[in-house]
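Down below is the structure, laid out as structure tokens.
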Amino acid sequence: MALSLDEIVRVNVIVSPMAQSAGTFDIGLIVGKSTNIPVEDRVKIYSSLSDMKSDGWKESDPECAAATIYFSQDPTPVKLVVGRWDDANAETAVEAITACRAANNDWYSSYIVNTTSAEIEAVAATVEAMEPASTYFYTTDDEAVKAGTTGNIMEILKNKSYKRTFGQYSTTPHAAVAAMGYAMGANTGGANSAYTLAYKTQVGVTPEKLSTTEALKIRELNGNVYTNFGPKFKLLTQGKMASGVSFDEVLNLDMLQAEIQIGAVNALVMAKKIPQTEDGLSLLVSAISEQCDKSVIRGAIAPGVWKGSPILTLQRGDTLSKGYLVLAERIADQTQDERDKRVAPPIYVPVKMAGAIEHVVVNVTVNR
């Protein structure tokens, strides 16, 4: 009988824990009162409209009508979560979307079919504080919005400065789902994949015939509208949330925050130990930098001049050559209590958003 080679060379195979991802930011949720999905299941995931129809959905179902618009956009989103609103048990819209979040954490954007202005307001408040971070799209054909009448839903949400709610005025049912579908389809995470919602085509949505005054009133309310420009263009303007911030900025910051968080957690989990030294702190700084690089690759962060308040060594007017910095206070400056609690010194990540050009003035000077 031969002796074991372990006596000469012992080989131990150690497999590192699998790193976790920051979650998905390319899946939408459509919620409705149809009974196709059992309440106990609450949600189902579909990869196409035909996938839904083979599961028993009919074109007359409002969720299916909304999904038709969702999957018709270019680029086409890969997945859709459809949720059940338990109307039979007098469930509210807020309770429905909250239950859908509890049942599934994959979706980032959401839409609820056939809601009233009061329900839209209530859901917007809920989504504003929802975890994981989410966004809410709604459609309204209220003439008070077009007329700019005081007390309309867009004015209410604007005054509350909700940054996670996207409202669209349209007489096409579920028109805002087109914006949601484009947003989810375009968010591939690949190189130069950053985008805005301004000036996009909405497949399946009829452009609104608006006067310049009516269009301006909607935009003054931080609302969005799909309408005609010039002799040929049909465009969505302006891609804003109720607070006035652009949708793409909310999305990009949500992704950056989630990626930094998961990057730091992965570093802590995958290391046997991160020492409470400058070298150990450098490991965390490096892990965070790797996540910031993803935003640079997508085109959400870009080099620029820092115009904010000073942060440690970063001064106003300094150039962020990579579009971001990762700065940390010194280990040596920690108190004994902080060391005993094994807390890292505060880490700061100043970033410069790439922004977007959406308005241009061209001066043509003619000389004879």
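The values are calculated or read from the model by the stated rules, or taken from the named source; none is laboratory data. What you see is a predicted model; the values in this text were computed from it and never measured. So basically every Cβ, Gly included, is an ideal-geometry build from the backbone, and we count neighbours across all protein chains shown. In case anyone asks, the SASA skips ligands and DNA or RNA and just uses the protein heavy atoms, side chains included. Shrake-Rupley method; radii C 1.70, N 1.55, O 1.52, S 1.80 Å.
Numbers below:
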{"item": "The stretch 328-344 - residue that is farther than 13 Å from P275 by Cα and in contact with a strand residue (DSSP E or B) (Cβ under 9 Å, 6 or more places away or on another chain) and, of those, least open to solvent (accessible area, probe 1.4 Å)", "result": "A328"}
{"item": "Candidate set: the stretch 14-31, residues that are at pLDDT 85 or above and not in a strand (DSSP E or B); chosen: the one farthest from H174 (Cα to Cα)", "result": "T24"}
{"item": "Residue ID - farthest from the chain's Cα centre (by Cα), chosen from residues in the stretch 129-153 that are of a type in the set (D, E) and within 23 Å of L236 (Cβ to Cβ)", "result": "E143"}
{"item": "In the stretch 171-209, the residues that are touching an Asp or Glu at 6+ places or on another chain (Cβ under 6 Å), open to solvent by less than 10 Å² (accessible area, probe 1.4 Å) and assigned to a loop (DSSP other than H, G, I, E, B)", "result": "A198"}
{"item": "Pair list, Cβ < 7 Å and 6+ apart or interchain, from the stretch 131-146 residues that are within 17 Å of E119 (Cβ to Cβ) to residues that are loosely packed, with under 15 Cβ neighbours inside 10 Å", "result": "D141/T171"}
{"item": "Scan of the stretch 131-163 for residues that are in a loop (DSSP other than H, G, I, E, B) and open to solvent by less than 20 Å² (accessible area, probe 1.4 Å), ordered by number", "result": "S134, N152"}
{"item": "Scope the stretch 32-83; condition open to solvent by less than 40 Å² (accessible area, probe 1.4 Å) and β-branched (V, I, T); matching residues", "result": "I37, V43, I69, V81, V82"}
{"item": "Search result, residues across the stretch 210-247 that are in a helix (DSSP H, G or I) and in contact with a helix residue (DSSP H, G or I) (Cβ under 8 Å, 6 or more places away or on another chain)", "result": "E214, K217, I218, F247"}
{"item": "Leading residue by the ranking (nearest to M180 (Cα to Cα)) among those in the stretch 220-251 that are open to solvent by 50 Å² or more (accessible area, probe 1.4 Å) and more than 21 Å from the chain's Cα centre (by Cα)", "result": "K234"}
{"item": "Residue that is least open to solvent (accessible area, probe 1.4 Å), among those in the stretch 261-285 that are in contact (Cβ under 8 Å) with a residue 24 or more places away in the chain and among the polar types (S, T, N, Q)", "result": "N266"}
{"item": "Number of the exception - N105 against (1) more than 28 Å from E40 (Cα to Cα); (2) in contact with a Ser or Thr (Cβ under 9 Å, 6 or more places away or on another chain); (3) among the polar types (S, T, N, Q); (4) in a loop (DSSP other than H, G, I, E, B)", "result": "(1)"}
{"item": "Pair list, Cβ under 7 Å, 6 or more apart: the stretch 185-206 residue at positive phi, other residue at pLDDT 95 or above and crowded, with 20+ Cβ neighbours inside 10 Å", "result": "G189/R298; Y199/L236; G204/I69; G204/A178"}
{"item": "Total residues in the stretch 32-69, condition assigned to a strand (DSSP E or B) and of a type in the set (S, T, N, Q)", "result": "0"}
{"item": "Selection from the stretch 314-327 of residues that are touching a helix residue (DSSP H, G or I) at 6+ places or on another chain (Cβ under 8 Å), among the hydroxyl-bearing types (S, T, Y) and either open to solvent by 80 Å² or more (accessible area, probe 1.4 Å) or part of a loop (DSSP other than H, G, I, E, B) (or both)", "result": "none"}
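Quick grid of which residues meet (1) of a type in the set (F, W, Y); (2) in contact (Cβ under 8 Å) with a residue 40 or more places away in the chain; (3) over 17 Å from R101 (Cα atoms):
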site	(1), (2), (3)
P17	no, yes, yes
S21	no, yes, yes
T24	no, yes, no
G32	no, yes, no
I37	no, yes, no
L49	no, no, yes
M52	no, no, yes
G56	no, no, yes
D61	no, no, yes
